[in-house]
Amino acid sequence: MPETIMKAEQLSPQQSEYMKLTAEIMEIRKRGERPLAFIRTYGCQQNVADSEKIKGMLAASGFDFVESPEDADFILFNTCAVREHAEDRVFGNVGALKNLKRKHPQILIALCGCMMEQEHIANRIYNSFPFVGLVFGTHSLHHFPELLYRSLTDGRRVFERGNDDKKIYEGIPVRRDGSFKGWLPIMYGCNNFCTYCIVPYVRGRERSREKDVILREARQMIEGGFRDITLLGQNVNSYGKTLAEPVSFAQLIREIDAIDGDYWLRFMTSHPKDCSRELIDAIAESRHISKHLHLPFQSGSDRILKAMNRHYDRKKYLETVAYAKERIGNVSLTSDIIVGFPGETYEDFKQTLSLIREVEFTSLFTFIYSPRKGTPAAAYDDPVSAEEKGKWFQELLDVQEEIAAARCASMVGQTERVLIESVKEKTGELNARTSGNIIVELEGDKSLIGTFQNAKITRARNWILKGELT
Ligand code: 5AD
Ligand code: SF4
C-alpha cells in the first residue's frame with residue numbers, strides 16, 4: 001500500500017516576502033522599468049505546468065516575459081531528463097549562452113527541472129558552466145522566490161537539489177500560457193519504476209492533490225473560458241491512493257464532468273496496469289471527457305514488458321482496448337512505444353508491430369531506447385546496434401503511417417466537433433483538433449480561435465484531416 005501523505009502545505013508567507021523584495025531590488029536596478037524573463041521549457045506537459053508556476057512567481061516578483069534570451073534579465077531553462085537527446089539539447093543551448101553572459105554580465109542564467117535532480121548533471125553544470133548562477137530541481141519549486149532573491153543579491157552561485165519529494169505545496173501563483181487550452185496537475189511523482197525510466201528518481205514518490213482543490217481549480221478554469229483542460233499525472237489511474245480519504249480517478253473525473261460548461265476534459269497518462277473498467281465506464285458516460293485514451297503499451301512482447309517491469313501483458317492490454325472500443329464509440333487510442341529496449345530481438349519487435357496493427361492507433365509517440373544513468377535497464381546487456389534499432393524504428397513509423405492514414409481516410413464525409421486552436425502563419429489556414437485529438441486544417445477567420453465549431457471532413461492527408469466549417 002502506498003504511504004498516506006500529509007495534508008498539502010501552503011506556499012509560506014516568507015516566499016511572498018521574497019517576491020516583494022525581488023520586485024523592489026529589480027525596480028531599483030532597472031530604474032523603474034520592469035525586469036524581463038525568458039523561460040524555455042523542455043519535455044512533457046508536467047514541465048510545462050511547472051513553468052507556468054515559475055512564471056506565476058516571476059510575475060508576482062515584478063517580471064514581464066520576452067520571447068528571446070537576448071532581451072532578458074533572467075533566463076531559465078526548465079529541463080527534461082527522460083532521454084539523452086533532450087539532455088544534449090539543453091547542454092548545447094546552455095553553452096550558447098556563454099557569450100551573452102560575457103556581453104551582459106548582469107543577467108542571471110538559471111536551470112531547473114528533472115535534469116537538475118541528478119547529482120552528476122548538477123556537478124557537470126557546476127564545473128563546466130560557471131556562468132550559470134542558479135540551479136534547482138523539481139522539489140524546490142515552492143521556494144523558488146527565495147532562491148531567485150539569493151541569486152540576485154548574494155553574489156554567489158546557488159545550487160539546490162531537493163530531498164523533499166513527498167509533499168505537495170498549494171497556493172503557488174500560476175500564469176497560464178493559454179487562455180482556452182490548459183493543464184491541471186492532479187498528482188506528482190511516480191511509484192512504478194519501469195526499468196528504463198528516470199522519472200521516479202527525479203520527480204519523487206507518487207502524491208495526489210486534494211480532490212476539492214482540483215475541483216475548485218477546474219471550476220475556475222471553466223468559468224474563465226478554458227475549453228480544453230488536460231488533467232496531468234505520471235499515472236493518473238492511481239490518483240487518490242495517497243489521500244487521507246482515498247478517491248479513485250474515475251470518481252474524480254465524474255465529479256469534474258458534473259461541472260456545467262462547454263469544455264472538453266482530457267487526461268494523461270494512463271498506465272495500462274491500472275486502467276480500470278470503472279474508468280472506461282466514466283469516460284463512456286461523461287458529457288465532457290474526450291473520447292480519447294492515451295494508453296502507453298511500450299512493447300508488444302510479454303518478455304520485454306516483464307523486463308521493463310510494466311506489470312501487464314499483451315493479453316491484458318488488448319482486453320482493456322477491447323472494452324474501451326466496446327464502451328466508447330469511435331474511441332481514439334494513442335500510445336508511447338520504446339524500440340530497442342536492451343535484449344529486444346527482431347521477434348519481440350514484430351510483436352510490437354502486430355499489436356499496433358491490431359489496435360489501430362490514431363497516433364503514436366515513438367522513441368528509441370535511451371539508457372538513463374541510475375536506472376536498472378542501463379546495466380542490462382544491449383547487443384543490438386544503433387543502426388539496427390534505427391531500421392526497426394523506421395519500419396514502425398512506416399506501419400503506423402499506413403494505419404493512421406487509413407483511420408483518417410475513414411473519417412472523410414463525417415462531421416466532427418472541433419476546437420479551433422491557432423492559425424497557420426504561412427497559409428492563413430486554421431488548425432483545429434477533434435475530441436479524439438486529431439488535427440483538422442480548415443479555412444476560416446482567426447477570430448474563431450478558442451471556439452468550438454462543426455467541421456465536415458473533406459480530405460485526409462496521412463494523419464492530418466482537411467475540413468470545412470459547416
Ligand atoms: N528511453 C526511451 N524512451 C523513454 N521513455 C521513458 N524513458 C525512456 C527511455 N529511457 C518514453 C516512454 C514514456 C515516454 C514519456 O517516454 O515511452 O511513456
Ligand atoms: Fe516512467 Fe513508468 Fe512512471 Fe511512466 S509509469 S513515469 S514510464 S516509471
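Points worth noting:
- The range 258-337 shape via C-alpha gyration tensor axes, a/c threshold 1.5: prolate
- Ranked by the mean number of other Cβ atoms within 10 Å of their residues, highest first, the peptides 190-199, 168-177 fall in the order 190-199, 168-177.
- Built amide H within the under 5 Å cut-off of ILE289, gap 5+: LEU265
- Ignoring lysines fewer than eight residues from LYS446 along the same chain, the ones with Cα atoms less than 20 angstrom from its Cα are LYS181, LYS424, LYS426, LYS456, LYS466.
- With a simple spin-label model that places each label point 7 Å from the Cα along the Cα-to-Cβ direction, the separation between ARG205 and GLU425 comes to 4.7 nm.
- For the set ARG277, ARG254, solvent exposure ranked by accessible area (probe 1.4 Å, protein chains only) runs largest to smallest as ARG277, ARG254.
- For the range 1-86: rounded, prolate or oblate by the Cα gyration tensor [a/c cutoff 1.5]: oblate
- Projecting label points 7 angstrom from Cα along Cα→Cβ for GLU255 and ASP154 puts them 4.0 nm apart.
- The spacing between the range 196-231 and the range 75-131, judged by their C-alpha centroids, is 27 Å.
- Rounded to the nearest 20, the size of the Cβ-charge dipole of the chain about its Cα centre is 540 debye, with Lys and Arg at +1 and Asp and Glu at -1.
- For the chain, hydrophobic long helices are taken as DSSP H runs at least 30 Å long by C-alpha position along their axis with mean Kyte-Doolittle hydropathy of -0.5 or more; these are 386-409.
- Sulfur and carbon atoms: percent of accessible area, the range 97-233 [1.4 Å]: 44 percent
- Simple spin-label estimate for ILE464 and LEU100 in nanometres, 7 Å along Cα-Cβ: 3.0 nm
- Cβ-derived FRET efficiency at R0 25 Å, THR366 paired with ASP262, nearest 0.05: 0.15
- Net lengthening on full extension, LEU448/LEU215 (0.36 nm per residue, minus Cα-Cα): 81.1 nm
- Highest mean packing first, where packing is the average number of other Cβ atoms within 10 Å per residue, the peptides 132-144, 410-422, 332-344 line up as 132-144, 332-344, 410-422.
- Here the Karplus curve 6.51 cos²θ - 1.76 cosθ + 1.60, taken at θ = phi - 60°, turns the phi angles of the range 305-310 into couplings of 4, 5, 5, 7, 6, 8 Hz, with x standing for Gly and Pro.
- Solvent-accessible heavy-atom area per residue, rounded to whole Å², over the range 323-448 at 1.4 Å: 48 Å²
- Residue pairs, from the table LYS273/LYS373; LYS211/LYS241; LYS20/LYS53, whose Cα atoms sit over 23 Å apart: LYS273/LYS373
- Computed from the C-beta positions of ARG277 and ARG31 and an R0 of 60 Å, the FRET efficiency is 0.40 to the nearest 0.05.
- Here the dipole of the range 163-295 is about 340 debye; that uses its Cα centre as origin and unit charges on the Cβ of Lys and Arg (positive) and Asp and Glu (negative).
- Surface composition of the range 333-429: carbon plus sulfur atoms contribute 52% of the solvent-accessible area (1.4 Å probe, protein chains only, all chains present).
- Efficiency of FRET from Cβ geometry, ALA244 and SER410, R₀ 56 Å, rounded to 0.05: 0.75
- The charge dipole of the range 309-417, taken about the Cα centre with unit charges on the Cβ atoms of Lys, Arg (+1) and Asp, Glu (-1), comes to about 460 debye, rounded to the nearest 20.
- For the chain, Cys with no neighbouring Cys Cβ under 4.7 Å: CYS44, CYS80, CYS112, CYS114, CYS190, CYS275, CYS408
- Gain upon complete extension [ARG327, LYS391; 0.36 nm per residue less C-alpha separation]: 19.3 nm
- Our coupling estimate for the range 422-436, obtained by passing each phi through the Karplus curve with A = 6.51, B = -1.76, C = 1.60 and θ = phi - 60°, is 6, 10, 7, 4, 5, 9, x, 6, 8, 9, 10, 9, 7, 4, x Hz, Gly and Pro reported as x.
- Vicinal HN-Hα couplings computed from phi for the range 181-189 (Karplus, 6.51 cos²θ - 1.76 cosθ + 1.60; Hz; Gly/Pro x): 10, x, 9, 9, x, 10, 7, 10, x
The values are calculated or read from the model by the stated rules, or taken from the named source; none is laboratory data. None of these values were measured; they are calculated from a predicted model. Positions of Cβ are backbone-derived with ideal geometry, glycine not excepted, and every protein chain shown enters the neighbour counts. Side chains included, ligands, DNA and RNA excluded: accessible areas come from the protein's heavy atoms. Shrake-Rupley method; radii C 1.70, N 1.55, O 1.52, S 1.80 Å.
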